[in-house]
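Before any comments, here is the structure.
The values are calculated or read from the model by the stated rules, or taken from the named source; none is laboratory data. Nothing here was measured: the structure is a model prediction, and the numbers come from that model. Note: ideal-geometry Cβ built from the backbone for every residue, glycine included; neighbour counts use all protein chains shown.
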Amino acid sequence: MPVVLHQFTVAVGGVMNPGYLEALELARQCATHAHTQALPGAGIAHGSCWAALATVPNPGAGFPLGNAVAGGAALPYGVVFGNSRFSIVGALAVVPGAPAVGFSGHAERNALVVAGGNGLVPYGLVAPNAGDWVMYVQLHPCVYCLPWLQGVGGGGLLNPFAGLIAGAQNLHVWYRWAHNPVGCAAKDTWNGLPLATKLAQINTW
């Protein structure tokens, strides 16, 4: 099963699940990045969905520095963000690695497309899940995105890592809310909370 889904809940979350600590930090990074980007006129609001993919660092590429990490620690991986509004924002701002045909309306797809478009490689976890990849998305992948992530369809832009994920490569996808009206409403409300509140809540996931 190349794509493994994990939800941040007391029942099924936890440090024993592959990529938990990395996904928790990706969630913090998303919250911090959203705080700087979800501004009036920026094209990104609380109703959008965020995703982040851990990648192998490439400091020589000239990409912007990442957001601050609690405690000042350096991350062993880079972070590539995706947002469901990239299809709108892409017409207003230059996004390195943007596809010529534009972005989709799906955060997790856009994160992987941007990573691939910039020649970045997903970060591999250490043992006991050595080499596995990890990403975070706020909502459970929809019925179209799940097969797309697995590299077996879903329509739209090509998944740049489809061949690997459809084979032996494991991608651990951590999410917080179900992709239904209740989950979407909870995500929208959460996105509107103060940053300090969101970071404190993430620490309890």
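Some notes on this structure:
- Any hit, region 173-196, residues being among the polar types (S, T, N, Q), out of contact with any helix residue (DSSP H, G or I) (no Cβ under 9 Å at 6 or more places or on another chain) and in a loop (DSSP other than H, G, I, E, B): yes
- Candidate set from region 112-129 (those that are of a type outside the set (A, V, I, L, M) and assigned to a loop (DSSP other than H, G, I, E, B)); member that is nearest to residue 57 (Cα to Cα): 123
- Test: residue in region 138-153 that is small (Gly, Ala, Ser), surrounded by fewer than 22 Cβ atoms within 10 Å (Cβ to Cβ), in a loop (DSSP other than H, G, I, E, B) and out of contact with any Leu (no Cβ under 9 Å at 6 or more places or on another chain): yes
- Residue check for residue 134: within 16 Å of the chain's Cα centre (by Cα), surrounded by 23 or more Cβ atoms within 10 Å (Cβ to Cβ), under 19 Å from residue 53 (Cα atoms) and in contact (Cβ under 8 Å) with a residue 60 or more places away in the chain: yes
- Residue among 76, 57, 18 that alone is in contact with a Phe, Trp or Tyr (Cβ under 7 Å, 6 or more places away or on another chain), in a loop (DSSP other than H, G, I, E, B), of a type outside the set (Lys, Arg) and at pLDDT 70 or above: 57
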